[in-house]
1. Hey, any hits in region 60-71 for a residue that's surrounded by fewer than 16 Cβ atoms within 10 Å (Cβ to Cβ), in contact with a helix residue (DSSP H, G or I) (Cβ under 9 Å, 6 or more places away or on another chain) and within 15 Å of Ala302 (Cβ to Cβ)?
2. Which residues, taken from region 83-115, are out of contact with any Pro (no Cβ under 7 Å at 6 or more places or on another chain), under 23 Å from Arg2 (Cβ atoms) and small (Gly, Ala, Ser)?
3. Under 6 Å by Cβ, and 6 or more places apart or on different chains, what pairs join a residue from region 267-284 that is over 23 Å from Arg193 (Cα atoms) with one that is part of a strand (DSSP E or B) and among the aliphatic types (A, V, I, L, M)?
4. Any idea which of His41, His48 is more than 18 Å from the chain's Cα centre (by Cα), closer than 24 Å to Leu299 by Cα and free of Cβ contacts under 8 Å to residues at least 24 places away in the same chain?
5. Sort out for me the helices (runs of 4 or more DSSP H) sitting completely within region 146-201 that have 2 or more residues that are surrounded by 14 or more Cβ atoms within 10 Å (Cβ to Cβ) and either modelled with pLDDT under 85 or hydroxyl-bearing (Ser, Thr, Tyr) (or both).
Amino acid sequence: MRILCVVNPRSGQDEGKFYDFVRILGRNESEIVLRFMGEKHSHVSLLHDAKEFDRVVAAGGDGTVSGVCYALRDSGVPVLPYPAGTANLLALNLRMPANPMQLADTVLHGAVRSFDMGELTCTARDCGPSGTRPGEPTRTRGFMVAAGAGFDAKIMEAADELKSTIGAAAYLLGALQNLTPTVSRFDLKIDGRELQTEGIAVLVVNFARLQFDIPITHGSDPADGKLEVVILRTRNAVELLPAVWGAILDRTVGSHPDRSPGLEIHEAREVEVSADPVLSLQHDGEVLTALTPFSARVLPGAATLVVPEP
């Protein structure tokens, strides 16, 4: 089996485990090619010949994995999300193992399945107070787990410098540092239907389990050709606690769909979001140099992933 590994050396990975993983694949007579990401190497350039390989391993955080999957969207090339970042939410949702031997076995013998992706379109941060500027080029990015504006982006921004030292706890600390986030008025267009509301964030969700294995929506399916639009309608972070408790019950008890009035959830194939005042954006844990407005759409079955056998 020919395997291409695209590695983000800046991720918080345990390099010893990763090279154990590579050695195990080599012992199974696989041909391994390693390519490392850097400022001069885009996902597209590293994956120009990906169709010549049987598997692609994306070793890094969720941003690295979503970048690889977006570059290979609709190609049918199987991608293994190697959990080498801080949160590794996609790997968590897919129940990927953490052990190098089990990961190697998944590459060689795992199931190949198609999943939806999200595609985010936004503008550059230097676009002025209204969120847009005439002639400003739009930029598109893919996401596997979630993208959003507001409170979640502020958490990611606050956690960025701490992830390398305290790991996933950096997100909890980031939330505690932003207990009173900006409240904005949102104008949304969900599959052509207009909606006005207010709150501290809008999330567009593909895989529903977020930090600490908490399912933000109930019964979400990342292969149904739809995304969930989640509006955090509270005025501060403390008011989200009933929704968090409902999500914990959903995980532990097995079925607790109520997420409290603090969350408003819609299904959508396309969504447009503007905010007043404007808010920062993130996708799959990466804080963007962009502000609202943004739009997102689902790419049905665009990602081909290698996952553990049931």
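1. Scanning region 60-71, I find no residue that is surrounded by fewer than 16 Cβ atoms within 10 Å (Cβ to Cβ), in contact with a helix residue (DSSP H, G or I) (Cβ under 9 Å, 6 or more places away or on another chain) and within 15 Å of Ala302 (Cβ to Cβ), so the answer is no.
2. Answer for region 83-115, where residues must be out of contact with any Pro (no Cβ under 7 Å at 6 or more places or on another chain), under 23 Å from Arg2 (Cβ atoms) and small (Gly, Ala, Ser): Ala84, Ala104, Ala111, Ser114.
3. His283/Leu120; His283/Ala147
4. His48
5. 151-159, 169-176
The values are calculated or read from the model by the stated rules, or taken from the named source; none is laboratory data. Because the structure is a prediction, the values reported are computed rather than measured. Glycine gets a Cβ as well: all are built from the backbone with ideal geometry, and neighbour counts include every protein chain shown.
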